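In what follows, a single structure is set out as structure tokens and then discussed.
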Amino acid sequence: MTQTDIRVLIQRLSHYPADWPLPQYATAGSAAVDLRNAGETVTLQPLQRVLIPTGLAIALPEGTEAQIRPRSGLALRHGISIINTPCTIDSDYRGEIRIPIINFDREPQTLEHGERVAQLLAAAVLRIAWVTAEELPETGRGGGGFGSTGRR
């Protein structure tokens, strides 16, 4: 473990194959670990949504969350994404991690049993302590919203 590592308890559920390794980083610079489809092979029709089981449950330390994100290759090449990306796994959740997948492609797309379907990233959580104010500090952007900073 390094100084930035956190200890996370992980449970292999009955449908997580014993010969599969636990999720791991693909490279030394990877920010997230890959999660696999621990359910049956499924073919998604265009715009179809499905909840993919991972066969894993975790116990995150208080003050952290896990973010579930799409895999870039599946998104680019197959139109596969996550409905509410990033999904948040709260530190007090103990159920199975399941991935809400959608097929944005015009063609049916198949996710095989064992295929890597999403990424899990651990992050620190800051808690909000609201402080009411009559006015907010000025900034160069002010109240400018969507597109207010331009494209270039």
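The values are calculated or read from the model by the stated rules, or taken from the named source; none is laboratory data. Only a predicted model underlies this, so the values are computations on that prediction, with no experimental measurement involved. Note: ideal-geometry Cβ built from the backbone for every residue, glycine included; neighbour counts use all protein chains shown.
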Of the criteria (1) farther than 30 Å from Arg127 by Cα; (2) at pLDDT below 95, which one Arg77 fails: (2)
Residues that are assigned to a loop (DSSP other than H, G, I, E, B) and surrounded by 13 or more Cβ atoms within 10 Å (Cβ to Cβ), drawn from segment 95-111: Phe104, Asp105
Residues (under 13 Å from Glu96 (Cα atoms) and either among the β-branched types (Val, Ile, Thr) or touching a strand residue (DSSP E or B) at 6+ places or on another chain (Cβ under 6 Å) (or both)) located in segment 10-37: Ile10, Gln11, Leu13, His15, Tyr16, Leu35, Arg36, Asn37
Whichever residue in segment 55-89 is among the charged types (D, E, K, R) and surrounded by 12 or more Cβ atoms within 10 Å (Cβ to Cβ) and, among such residues, is nearest to Leu44 (Cα to Cα): Arg71
Check on Ala31, in contact with a Leu (Cβ under 8 Å, 6 or more places away or on another chain), closer than 16 Å to Leu121 by Cβ, assigned to a loop (DSSP other than H, G, I, E, B) and aliphatic (A, V, I, L, M): yes
Residues of segment 40-62 that turn out to be in contact with a Lys or Arg (Cβ under 9 Å, 6 or more places away or on another chain), in contact (Cβ under 8 Å) with a residue 60 or more places away in the chain and over 30 Å from Thr4 (Cα atoms), as a count: 1
Matching residues, segment 1-30, being of a type in the set (Gly, Ala, Ser) and either surrounded by 10 or more Cβ atoms within 10 Å (Cβ to Cβ) or in contact with a Ser or Thr (Cβ under 8 Å, 6 or more places away or on another chain) (or both): Ala26, Ser30
Total residues in segment 62-90, condition in contact with a strand residue (DSSP E or B) (Cβ under 9 Å, 6 or more places away or on another chain) and in a loop (DSSP other than H, G, I, E, B): 7
Pairs, first touching a residue at least 12 places away in the same chain (Cβ under 8 Å) in segment 125-152, second outside any loop (DSSP other than H, G, I, E, B) and surrounded by 10 or more Cβ atoms within 10 Å (Cβ to Cβ), C-beta under 7 Å, six or more apart: Val125/Thr64; Val125/Glu65
Residue under evaluation Asp105, criteria (1) closer than 19 Å to Gln24 by Cα; (2) touching a His at 6+ places or on another chain (Cβ under 7 Å), criterion not met: (1)
Options Gly114, Gly55, Gly39: the member that is assigned to a strand (DSSP E or B), modelled with pLDDT of 95 or more and over 14 Å from the mean Cα position of the chain (by Cα): Gly55
